[in-house]
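Note sheet for the following structure.
No value in this document is a laboratory result; all are computed from the given coordinates. All values reported here derive from a predicted model rather than from experimental measurement. Don't worry about glycine lacking a Cβ; one is built from the backbone with ideal geometry, like all the others, and counts go over all protein chains shown.
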Amino acid sequence: MHDQINFRPILEHQYIQASVPCRIDLGGTLDISTFFLPLNHLDPVTFNIALDMRTVVTLAPWKDHRIKISSRGFDSAEFDAESAPFNHPMGLMFAVVRYFKGHGVHVHIESASPPRSALGGSSAAAVAMIAAFTEAVSTSGMGEKNHSPGSIKNHSPGSIALLAHAIESSVAGVPCGLQDQLAAAFGGVNCWHWSMGPRGIAFSRENLIPNDVIPDYLTPDAVIHNDLTLNGVIPDDLTPNGVIHNDLTPNGVIHNDLTRDGLNSSILVAYCGIPHVSSDINKRWVNRFLSGMDRDKWREIIALTHQFALAVKQGRYRDAGELMNRETRIRMEMTPDVLDKTGQLLFQAALECGCGARFTGAGGGGCLWAIGNGGDVEILGKRWKDITDNCPAPMGKKDEISTWDRETQAGLLNTKIDFKGIL
């Protein structure tokens, strides 16, 4: 295979592994250029929280000229490298391998989140794969010899996310957003601002709850919107000791009402136990928007997402819940099936407990998440547990769900915010 990289001898020496978080969100779909370009004057944004249910990708040696992909919840697939299909259920993964001119590799994908749960799992896996292949090419020195795109060292999280999005967009057959890849690459609690730059899709990162220290991977293509200037330089309003004046105390400690523990105790995530396919609902949103329908609703969703992000940043979680419910109702007006029967029960329970609730991703099954005051969320957790305990078994093929423990097919997910991205 001319000018290809055989990863077998590289990986026989050492397996390569990378992991990334999944996400919950609000204001999704606005990360698709179909929406954010014509609505650019309104500053379209998407909010998401990275969760510690990580997707781990391991690269292992395999037969020369062959690629094998194994992922929990799906049948393993193996093809000749030159003819690997990109319209396969794991076509995105094959496309990532072929971007790196690869063969002789077995890609193991293991996710702590349920399969097809609308938590951005497939996009997260692509990000982890790109990080792993970049590491494999870089450490082996094969990239420089083969002029591989993976030979560029010290890729930023932003560039990896953009590459994952570009590959997915090329094979998906439907418009794709960018929020899943960014949550996986960066982690944390963020509001993403969308625009178009000279090289394509551009974004800026508004870090709503900074970690204890400023991450060392911040680059000009992934700028914290409010805390750093667009050139990645710390602004003049820092204290003499280099501490961000508004967001951190003089000792560099996050202000109490914005601590990770405070938000962790104010959110809840439940899996409905029903495999999720997002393309149909997303396609309807796109087609209606293109035809001139629902434009007022999308303008309102932009405004609500801005208000929601501010409420979370200020620790006003009950207000955030009310804003979330308004966004959910707008989506239900456009596509009533965005909440399935279980989702409707969970949503109603959240309303009765004074909390907000929303589907993740494009809905139609998968997960719901809630936000509210800690005490209200604790009560809601008991309600949601009762509801999910009585959910029917997933309606997928047996081979798609057999590896997911029956006791956790539906129920509350034991998860918290993950402030780390690619590891």
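Quick check: pseudo-label points 7 Å beyond the Cα along Cα→Cβ at Arg199 and Asp280, how many nm apart are they?
Each label point is offset 7 Å from its Cα along the Cβ direction, giving 3.9 nm.
Structure shown: which of Lys68/Lys341; Lys385/Lys420; Lys63/Lys283; Lys283/Lys341; Lys63/Lys416 lie over 31 Å apart, alpha-carbon to alpha-carbon?
Lys68/Lys341; Lys63/Lys283; Lys63/Lys416, as the Cα separations exceed 31 Å there.
Modelled label-to-label distance, Lys341 and Leu290, 7 Å Cα→beta-carbon offset: nm?
3.4 nm
For the ranges 344-354, 294-304, what's the packing order if you count other beta-carbon atoms within 10 Å of each residue, average per peptide, and put the highest first?
Going from most to least packed, we get 344-354, 294-304.
Just subtract the alpha-carbon distance of Ala166 and Gln314 from 0.36 nm times their residue separation and send over the number in nm, one decimal.
Residue separation times 0.36 nm, minus the Cα-Cα distance, leaves 49.9 nm.
Rounded to the nearest 0.05, what FRET efficiency do His65 and Leu423 give with R0 = 25 Å and r taken as the Cβ-Cβ distance? Could you check?
About 0.20, to the nearest 0.05.
Within the stretch 331-362, what residues put their amide N at less than 13 Å from the label point 7 Å along the Cα-to-Cβ vector of Lys297?
So the set is 331-339.
Explain nothing, just the number: dipole magnitude of the stretch 16-171 about its Cα centre with +1 on each Lys and Arg Cβ and -1 on each Asp and Glu Cβ, in debye rounded to the nearest 20.
Charge dipole, the stretch 16-171, about its Cα centre: 260 debye, nearest 20.
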